[in-house]
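Let me begin by presenting the structure, written as structure tokens, before commenting on it.
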Amino acid sequence: MAEIPKARDFLESSRTAVGDHELRRKLESASARHLDHFAEVKAEFPAYDDERDAAHRIKTGAIAHLDELLIELKSKLEAHGCKVFFAEDAADARGYIVELAKGRGAKNVVKGKSMTTEEIELNGALERAGIDAVETDLGEYIVQLRGERPSHIITPAIHLSKEDIGQLFTDKFGIEYTAEPEKLTAEARSRLRTIFLNADFGVTGVNFAIAETGTLVIVENEGNGRLSSTMPETFVAVMGIEKVIPRLEDLSHFLEILARTATGQKLTTYTSFITGPRREGDLDGPREMHVVILDNGRSAMIADPVLREALNCIRCGACLNVCPIYRRIGGHAYRSVYPGPIGSIISPNLFGSDAGYLPFASTLCGACKDICPVKIDIPRILLHLRWKESAGEHPLKWPRAIERARRGARRFAKIARHPRTVRALGKVAAMVLKPFAHNGYLRRMPGPFGNWTKYRDFPRPRPHQRPAPGPERPPG
């Protein structure tokens, strides 16, 4: 697993991103479009909140009975002719898929869009084994050409403009420069079609796995997932353990809300139901199908009664679109496969305490909770993880300035328990700072408080005044 940078790296990358005004413009523009489309489709669908309630209830129940559902899913998948492998961690999953590809003599792998394969860093492992893996989702293909990770769960190239992509295609393919989306899409499609026809091994993620029927569901807009799962002779689906839901009838509740929150559509273009490899009489489909079911820290999340709610996530990416932090720094600044609010609560548990700084990358404004289609209380979980870190369960090595500020905050918390002391200190501060105030505000403050006044003014402290007594109450 790649090293997850620590807090200092995040602070540096986020500071750089905030200063990139062109990046902020692109993020604001793309996020605003997502939110506008979402508002439109939500307004014309009165049952939206009822579907959210149903989805929340189904996912919560599924996580509570995950062991039983996974046993049922495995049984049904094997009955359909699939081979099922439970991977304890990313190394297990990578190893299984790479050895399978080598054993089948695969030279070319096509990959449908999948954050789980990003999580296990499958592309790098295949490359080290001498196997060429190509991302076939247009956004994923673009960031792969740039040697980057996706910047967004749903929109991998959200940080790029059409001009950026036009220049990329000119540099990589030697074609005449154009920024017309139709021409760029046609160029990518012509190249990817050839790759699909020559691929002998396909990999995709999974949006939902139905325990009752042993059906894998892939939801997409471009058809690359369907081509990756049907054209190659060998197909591998990679899913986290939390993707399982109990019954086929449960699926409709998620399909009603996923596209609306993710892309502002009533329904995505392609919804594929996969129930095993090619059968006798089938015209297409893989000869061999494998399902890799990944834990990689998820069981530990289930053991935490607060954190387990994060496994309800259906990877719609809506919380990124409304997050004031994400919209200013983008996904790459998080230095994690999963950025934004949802990434801030799952990354520390998937990648270890080196990502434990991410729960602090939030304003706790609650916008992520309001938009989440499965009603995950992200702010509550962020506070829970902050408390765990402060209690020493996930000790972090913070930069010295932040550690001083944290110690100061702990000292203030002790003082704040004594109102008389607070009032006395307030009087002293008001007198000392009065000569330095301008129009009631301080432009500079000493010591660690100077970090605040680098960027904004601070209201001058004023002496505490007791409230005026109210009218005398009549006797009796």
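The values are calculated or read from the model by the stated rules, or taken from the named source; none is laboratory data. Predicted model, so just to flag it, every value in this text is computed and none were measured. Positions of Cβ are backbone-derived with ideal geometry, glycine not excepted, and every protein chain shown enters the neighbour counts. The accessibility values were calculated without ligands, DNA or RNA, using every heavy atom of the protein model including side chains. Shrake-Rupley method; radii C 1.70, N 1.55, O 1.52, S 1.80 Å.
Run lengths n ≥ 4 of DSSP H only: what is the helix-derived mean residue ellipticity at 222 nm for the chain, with -39500 (n - 2.57) per run over all residues, to the nearest 500?
-14500 deg cm²/dmol
How much length, in nm to one decimal, is gained on full extension between F449 and E212, taken as 0.36 nm per residue of separation minus their Cα-Cα distance? Don't skip to the answer; put the middle values down first.
Working: separation 237, 0.36 × 237 = 85.32 nm, distance 5.83 nm.
Full-extension gain reported as 79.5 nm.
Cβ screening of the chain for cysteine pairs under 4.7 Å finds these without a partner: C82, C313, C316, C323, C365, C372. Inter-label distance, R33 to R247: 4.0 nm, where each label sits 7 Å from its Cα along the C-beta direction.
Accessible area per residue was computed with a 1.4 Å probe on protein heavy atoms; R191 scores about 80 Å². Spin-label pair D89-E22: with each label point 7 Å from Cα along the Cα-Cβ axis, the two points sit 4.1 nm from one another. Above 20 Å, the calculated P(r) of segment 192-321 contains 51 percent of its Cα-Cα pairs. Surface calculation, 1.4 Å probe, protein heavy atoms: F449 sits at approximately 130 Å² accessible.
Under 20 °C and 1.002 mPa s, how fast does segment 140-252 diffuse according to Stokes-Einstein, given a Kirkwood radius computed over C-alpha pairs? Answer in µm²/s, whole number. The diffusion coefficient I find is 132 µm²/s. In segment 71-114, inverting the average of 1/r over every pair of distinct C-alpha atoms gives 12.2 Å as the Kirkwood radius.
Taking the centroid of alpha carbons for each part, segment 311-384 and segment 98-145 are 26 Å apart.
Couplings for segment 358-374, taken from phi via the Karplus curve 6.51 cos²θ - 1.76 cosθ + 1.60 with θ = phi - 60°, read 5, x, 8, 8, 7, 8, 6, 6, x, 4, 5, 5, 5, 8, 4, x, 10 Hz in order; Gly and Pro are left as x. The protection proxy used here, the mean number of other Cβ atoms lying within 10 Å of each residue, ranks peptides 275-285, 150-160 as follows, highest first: 150-160, 275-285. Hey, any idea what % of the chain's accessible area is carbon plus sulfur with a 1.4 Å probe? Of all accessible area on the chain, carbon and sulfur atoms account for 53 percent.
Just to make sure I understand: if all protein chains stay in place, what is the order of T269, T185 by accessible area at 1.4 Å, largest first?
Ranked list, largest accessible area first: T269, T185.
Summing Lys and Arg as +1 and Asp and Glu as -1 over all other residues whose Cβ lies under 13 Å from the Cβ of G285 gives a net charge of -1. Averaged over its residues, the chain has an accessible area of 50 Å² per residue, based on protein heavy atoms and a 1.4 Å probe.
Rg then Dmax, both in Å and based on the Cα atoms of segment 299-384: 11.6, 34. In segment 13-154, the ratio of gyration radius to Kirkwood radius, Rg to Rh, stands at 1.05 when only Cα atoms are counted.
Amide H to amide H distances under 5 Å link T215 with I210, where only residues 5 or more positions off or on other chains count and H is placed in the peptide plane. By the Kirkwood approach, averaging reciprocal distances over each pair of separate Cα atoms, the chain gets a hydrodynamic radius of 24.7 Å.
Once you reduce segment 147-214 and segment 247-268 to the center of their Cα atoms, the two points are 23 Å from each other. Angle of helix 48-64 to the longest C-alpha principal axis of the chain, folded into 0 to 90 degrees and rounded to 10: 80°. FRET efficiency for the pair K266 and R189, taken as 1/(1 + (r/R0)^6) with r the Cβ-Cβ distance and R0 = 25 Å, rounds to 0.55.
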